[in-house]
Each structure stands twice: as structure tokens, then as C-alpha cells.
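The values are calculated or read from the model by the stated rules, or taken from the named source; none is laboratory data. What you are looking at is a predicted structure, and each value in this text was computed from that prediction instead of being measured. Note that each Cβ is placed from the backbone with ideal geometry, even for glycine, and that neighbours are counted across all protein chains shown. Accessible surface areas use protein heavy atoms only, side chains included; no ligands, DNA or RNA. Shrake-Rupley method; radii C 1.70, N 1.55, O 1.52, S 1.80 Å.
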Amino acid sequence: MNKLYHIMTFGCQMNEHDSEIMAGMLEEMGYSETQKRAEADIILINTCSIRENADKRFFGSLGQLKRLHREKPEMIVGVCGCMMQQQHIIDAIRKKYSWVDLVFGTHNIHELPELVTGILNERQKVVSVWSEHRGIFEGLPSKRRYPFKAFVNITYGCNNFCTYCIVPYTRGRERSRLPEDILKEVRELAADGVKEVMLLGQNVNSYGLADGFEMDFADLIYAINKIEGIERIRFMTSHPKDLSDKLIGAYRDCEKLACHIHLPVQAGSNRVLKRMNRKYTRESYLELIRKLREATDGQIAITTDIIVGFPGETEEDFEETLSLMAEVQYDSAFTFLYSPRPGTPAAEYDDQIPEEVKHERFNRMREVLDAGMADNNAVYEGRIEKVLVEGPSRKNKKTLTGRTESMKIVNFAGTPEMVGRIVKVKITEAKTYSLEGEVTEWDTHR
Ligand code: 5AD
Ligand code: SF4
């Protein structure tokens, strides 16, 4: 069989990893990947519903596939991911895009091979969407984007119900994988040449709590730190309300734990944080930053997520976000315009902020962020950094690109044998969004 698949992925790392799992399952069925949609036998769109523009982009992509599907009716078009957990989306697909062959939800990914076989045998359209999870499915294959880096799910779902967020509704209640299953997977990945693992969950800090495990998130880091072959441990995402002193201690004790934390703050005003249901204050957040810096001799890189224009955000509230950003001096941030998501409490608040105010605040926030990032990067000039080499840089194929422990992008001249290794790079120039450097040392035997 010489059949081809193509997967389009929107959204966060969880979705990226779900797509890797779907790719793994399709390859086990005998399919190979293609970058060209027109030659694919199966196209999957893995959707995101975090903001309204993600919805729009999805329907735009679907519209483009309609002609392709008409010209090649045997092609299977499937849609999955967070948007499929919302009934109004499924209704819209049934009504306006009835040519779509397959719809499946975030809890049904493991069913993909069965669903595809069913369609091939019976040529019928299929919808499989569970509203809640029915257990964790272990042992699914995964096709990694990089052979030397891997995502590892540790928790699924979210129980926090931040008032702006759709995720608790699309990904269901929080549940944790058993420690032994996670450690087994990481050991297998190490044996397969993986150097860096990224532990994934909506709130990794509450790992095991809802399931009553003895092992908490910090214990898990200590255990993975002992696994031979793994050289870097990262995690995403961390909720400030559950960040423990024990985890902060792990930055001191675990040499493989990358000196970086992504700690979404969302807003700098206590009034807004309360209305967002974030369950921490500006002061307690800044105290965590202080402790993290203390534990790492000021070395830790800190990145965040920030929303501007949350309902009821006043100019004073917004200025508190700016002053918090100036105080923390983030290394980078994902910045978002608040987007009302139907079904979430904040979408119903009657003090929505006009779009032009949101945009004006957004631009001011980016200025503060860029200034902080440029200052942070400038400190790197002349330093020697350990860089995990990812491959040729996107802009200039002749240079290599990789990431420091602190997640900074570094571009430098090198040879193809360096890809997938950790090399030492002297930073020669700092830019706002990346660093330039020269390799000073690399071990050809590893
Ligand atoms: N509008 C804007 N940003 C949002 N996020 C989540 N929901 C929304 C929304 N409705 C952002 C948060 C979260 C990140 C993944 O997406 O900052 O941390
Ligand atoms: Fe959404 Fe809040 Fe859960 Fe993050 S912690 S997924 S922002 S509800």
C-alpha cells in the first residue's frame, strides 16, 4: 500500500502531540506523510478553540479543501481536536460541510485506525465524539517531529475553570497518567535517542493531586532526572497557584531540569485576576518569581502568557499588568487579545472592552515586552551557552538553529552532524527575538 496522509495542526503543544500520535497510528496502518494536500489520501485537521480567530482559520481551511475533495472523492477528510467538543461546531459541519467524512473528539483519538478502516470498508460518514474521557489510553505510537526531542503527556484536561477559558469544556476533567507509565515512556524515549523531554499538561503542578497519587510533580522531575540518556527536562504549562517550594527546590537539585519556567500570569491587577478565577494575587506571583530567581542564582528564564482587554479591565488595571511586566522582565511572552468564548462565564460579562481599546493596549504591552526581551538577551553577549541543535535555520539554510536551556533561539554556523546534539556556543550578538553565536566545543562521540 502506498497511501499518503497530511495533518494540519492548530493550537498548543497538546494538539501538536496529539497530531504526532495520530501520525504514528496512520503510519502503523501503512500510510506515509506528505506535505502536499492534493496528493493525500487522508487529510486531518486538528483544531483549536482557544480564541475566535482559531475557529475562523479552521473554517477557512475547510472551505479550501472542499474543491479538492470534490475532484478526488475517495480522499478522506477528517476533523478533530478541541472544536469538535462543541455541539454548535458539529452542527455547523453537518449543515454546511456535510462532505466531511470523519469527525472525532479529543477523547477519541485512540479510535482513529478503527474509524478510518470503517470508512474505507463502508464508505459512510462517521462522527465519534465522547463528551468526557473514558480512561487513559496507554501505548499509542507517536511520530516525533524531531528524533531527539519528545513531548510526554503527564496530565490531561483541566479543573481550574479560569473564566475566559474553553479548555475545561473541550478537554474535560483533569486526570494524571500513572508515574510508572510516564517513567517507562521516558526510558523508552531515552533508548531511542531522545535527549530532551517536554512534560505536557494544562497544569503540570497539580500532577497526581486529583488522582490521589503519592508522587507529585516535583517527585516526577526528580525521577526523570535519574534516567540515563535524557539531558534536558522541560514542562508546560505551570499554574502559579499550585507551584510548590518542592518544585522550586528541584531547580537546585536536578541538573537536567532546564533553567526556564513558563509561568502564565494573565494579568497584573488583583481585581482582574479575581474575576479571571486565577486564585493567586500579584503579590504571591511576584513572590514565586523571587523564590525561583533565588534558587537559580538569578539564572532562570521566565516566560508567560498575558491577556489584554479582559472584560472590565480599566486603564489602571492594564497599567498594573505593564508594571508587573517591567518588574519581572520576561524573557518572552505569548500575548493575547481577550476573545469571548461562548459557554465560558467571562463571555457573558456585560463590561466587554471595545476592540480598538484592546488593540491600543496590546501594542503598548508589546513595546514593554520587547524592551524587556532585548535587555534580557543583551546579557547573553560573550556568554557560552549549551545549545540543543535542531537543524538548518528557516531563514538561512546555511546556518544551524537551536535552543539554549533558557529556550532562546540561537543561530550559528555548523555542520549537519551537530543536529540533535548539545553543543557549546559563544554568543556573539543579541537581537530582540534571537541570538547569534559561534560553536566553541562539541563532542563528536555522543
Ligand atoms: N482569550 C484570549 N486568550 C485566551 N487564552 C485562553 N483563553 C483565552 C481567551 N478566551 C490564553 C491564556 C492561556 C493561553 C493558552 O491562551 O493566556 O494561558
Ligand atoms: Fe484554561 Fe485556566 Fe485551565 Fe489554563 S488553567 S487550561 S487557562 S482553565
**OP:** Within the set of other residues whose C-beta is less than 13 Å from the C-beta of D216, count the net charge using Lys and Arg as +1 and Asp and Glu as -1.
**Re:** -4
Original post:
Could you work out the helix-only [θ] at 222 nm for the chain, with each DSSP H run of four or more residues adding -39,500 (n - 2.57) and the total divided by the number of residues, to the nearest 500 deg cm²/dmol?
Top reply: -10500 deg cm²/dmol
Subject >> segment 384-441: antiparallel DSSP beta bridges as a percent of all, rounded to 5 >> reply: 85 percent
**OP:** Taking only Cα atoms and a 10 Å spring cutoff, compute GNM fluctuations for the chain and point out the largest among E360, E28, E122.
**Re:** E122
Subject >> Estimated distance in nm for a label pair at Q124 and D181, the labels positioned 7 Å out from Cα along Cα-to-Cβ >> reply: 3.0 nm
**OP:** Find how much the distance from N396 to E436 grows on full extension, using 0.36 nm per residue of separation minus their present alpha carbon separation; answer in nm with one decimal.
**Re:** 13.1 nm
Subject >> Accessible surface of segment 375-446, 1.4 Å probe, proportion on carbon and sulfur as whole % >> reply: 48 percent
**OP:** With a 1.4 Å probe and every protein chain left in place, work out the accessible area per residue of the chain in Å², rounded to a whole number.
**Re:** 45 Å²
**OP:** Compute the separation of the alpha-carbon centres of segment 359-437 and segment 180-204 and state it in Å as a whole number.
**Re:** 25 Å
Original post:
Using only Cα atoms, what Kirkwood radius does the chain have, in angstroms?
Top reply: 23.4 Å
**OP:** Please get the size of the charge dipole for segment 384-441, origin at its Cα centre, with Cβ charges of +1 on Lys and Arg and -1 on Asp and Glu, quoted in debye to the nearest 20.
**Re:** 220 debye
Subject >> FRET efficiency, 1/(1 + (r/R0)^6) with R0 51 Å, evaluated for A92 and E283 via beta carbons >> reply: 0.70
**OP:** Can you find, among S49, M22, S32, the residue farthest towards the positive end of the dipole of segment 2-57? Put +1 on the C-beta of Lys and Arg, -1 on that of Asp and Glu.
**Re:** S49
**OP:** For a quick protection proxy, order the peptides 297-304, 215-222 by their average other-Cβ count within 10 Å, most packed first.
**Re:** 215-222, 297-304
Original post:
Antiparallel as a % of all DSSP beta bridges within the chain, to the nearest 5?
Top reply: 35 percent
Original post:
Any idea what the dipole of segment 1-70 comes to, in debye rounded to 20, about its Cα centre with Lys/Arg Cβ at +1 and Asp/Glu Cβ at -1?
Top reply: 540 debye
Subject >> Extreme residue, positive dipole direction of the chain, given options L112, C162, L4 (C-beta unit charges) >> reply: L4
**OP:** With +1 on each Lys and Arg Cβ and -1 on each Asp and Glu Cβ, and nothing else charged, work out how big the dipole of the chain is about its Cα centre, in Debye to the nearest 20.
**Re:** 1100 debye
Subject >> Extension gain from A347 to R37, taking 0.36 nm per residue of separation minus the Cα-Cα distance >> reply: 108.0 nm
**OP:** Could you check how much of the accessible area of segment 39-101 is carbon and sulfur, as a whole percent, using a 1.4 Å probe?
**Re:** 48 percent
Subject >> Pairs of Lys in segment 325-446 closer than 23 Å at Cα, counting only those 8 or more apart or on different chains >> reply: 22
Original post:
Given H placed 1.01 Å from N in the peptide plane, which residues other than close sequence neighbours of G172 have an amide H under 5 Å from its amide H?
Top reply: C158
Subject >> Lys/Arg +1, Asp/Glu -1 at C-beta; segment 304-344 dipole; positive extreme among V308, G343, M325 >> reply: G343
**OP:** Count charges around G268 for me, please; just the other residues with Cβ under 9 Å from its Cβ, Lys/Arg as +1, Asp/Glu as -1.
**Re:** -3
